[in-house]
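J.: Structure below; questions to follow.
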Amino acid sequence: MQLDFDNNKPIFLQLAETIEDDILKGIFEEDTQIPSTTEISISFKINPATAGKGVNILVDEGILYKKRGVGMFVSVHAKEKILDKRKKAFFDNYIHTLLNEAEKLNITKKEIIEMIERSFSK
């Protein structure tokens, strides 16, 4: 896991995304424990409250769950939840923007598909 302290994105959001990345990579499997917020805060030299805030975002989204007195664990189907969330964000942040710009430039659906296919064939 790595955080970018020069990035404008808040540290707690970067931490949540980093944990998600590790789940997608298989570093943290379903029903396995992740490092505690204390371990995370020591490892990254961040405030424990910041670490807790990042972890709690994932708990609220159902990606992690708490075992009282034990720690945080990866939820069943966490990987699918992350993929669904990120695909929606991809659409909202990239595809929607692309289609709006294409409309302004009178680029057709066929032309967009041709452009995408050209970039894949490189």
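The values are calculated or read from the model by the stated rules, or taken from the named source; none is laboratory data. All values derive from a computational prediction rather than experimental measurement. Using ideal geometry, Cβ is built from the backbone for each residue, glycine included, and neighbour counts are taken over all protein chains shown.
J.: I'd like to check something: does segment 76-97 contain any residue that is touching a Ser or Thr at 6+ places or on another chain (Cβ under 8 Å), within 24 Å of residue 30 (Cα to Cα) and of a type in the set (Lys, Arg)? Can you show your working first?
T.: Here is the first cut: in segment 76-97, the residues touching a Ser or Thr at 6+ places or on another chain (Cβ under 8 Å) are 81.
So of that shortlist, the ones also within 24 Å of residue 30 (Cα to Cα) come out as 81.
Okay, now just the ones that are also of a type in the set (Lys, Arg), so 81.
Checked against the condition, which is being touching a Ser or Thr at 6+ places or on another chain (Cβ under 8 Å), within 24 Å of residue 30 (Cα to Cα) and of a type in the set (Lys, Arg), segment 76-97 yields at least one hit.
J.: Another one. Could you list all residues from segment 63-73 that are in a loop (DSSP other than H, G, I, E, B) and in contact with a Ser or Thr (Cβ under 9 Å, 6 or more places away or on another chain)? Break it down into steps so the answer makes sense when it comes.
T.: Start the filter on segment 63-73 by keeping residues that are in a loop (DSSP other than H, G, I, E, B), which leaves 63, 68-70.
Matches in segment 63-73: 63 only.
J.: Filter segment 40-82 down to residues that are among the polar types (S, T, N, Q) and touching a helix residue (DSSP H, G or I) at 6+ places or on another chain (Cβ under 6 Å) and give me whichever is nearest to residue 12 (Cα to Cα). Please lay out each step first, then the result.
T.: From segment 40-82, those among the polar types (S, T, N, Q) are 41, 43, 47, 50, 56, 75; that's our starting set.
Now restrict to residues that are touching a helix residue (DSSP H, G or I) at 6+ places or on another chain (Cβ under 6 Å): 41, 50.
Numbers: 41: 11, 50: 6 Å.
Only one residue tops the list, namely 50.
J.: Looking at segment 106-118, can you tell me whether even one residue there is exposed (fewer than 14 other Cβ atoms within 10 Å of the Cβ) and in a loop (DSSP other than H, G, I, E, B)?
T.: yes
J.: Looking only at residues that are of a type outside the set (Gly, Ala, Ser), surrounded by 14 or more Cβ atoms within 10 Å (Cβ to Cβ) and touching a strand residue (DSSP E or B) at 6+ places or on another chain (Cβ under 7 Å) in segment 34-73, which one is farthest from residue 2 (Cα to Cα)?
T.: Checking each candidate, the answer is 65.
J.: May I ask you to list the residues in segment 28-55 that are at pLDDT below 95, hydrophobic (A, V, I, L, M, F, W, C) and not in a helix (DSSP H, G or I)?
T.: 46, the sole residue that qualifies.
J.: Of the residues 83, 98, only one is assigned to a helix (DSSP H, G or I) and in contact (Cβ under 8 Å) with a residue 24 or more places away in the chain; which? Step through it out loud before you land on a result.
T.: On the way: 98 fails: in contact (Cβ under 8 Å) with a residue 24 or more places away in the chain.
Of 83, 98, the one residue that is assigned to a helix (DSSP H, G or I) and in contact (Cβ under 8 Å) with a residue 24 or more places away in the chain is 83.
J.: Continuing with the same structure: Here is a check on your reading of the model: is residue 105 farther than 30 Å from residue 19 by Cα and at pLDDT 95 or above? So that I can check it myself, show each step before the final result.
T.: Working: farther than 30 Å from residue 19 by Cα: yes; at pLDDT 95 or above: yes.
So residue 105 passes the test.
J.: For residue 76, state whether it is surrounded by 11 or more Cβ atoms within 10 Å (Cβ to Cβ), among the hydrophobic types (A, V, I, L, M, F, W, C) and in a loop (DSSP other than H, G, I, E, B). Write out each step before concluding.
T.: On the way: surrounded by 11 or more Cβ atoms within 10 Å (Cβ to Cβ): yes; among the hydrophobic types (A, V, I, L, M, F, W, C): yes; in a loop (DSSP other than H, G, I, E, B): yes.
For residue 76, the condition - surrounded by 11 or more Cβ atoms within 10 Å (Cβ to Cβ), among the hydrophobic types (A, V, I, L, M, F, W, C) and in a loop (DSSP other than H, G, I, E, B) - is met.
J.: Would you check which residues across segment 7-37 are more than 12 Å from the chain's Cα centre (by Cα) and without any contact (Cβ under 8 Å) to a residue 12 or more places away in the chain and list them?
T.: Residues satisfying the conditions are 7, 8, 9, 10, 26, 27, 35.
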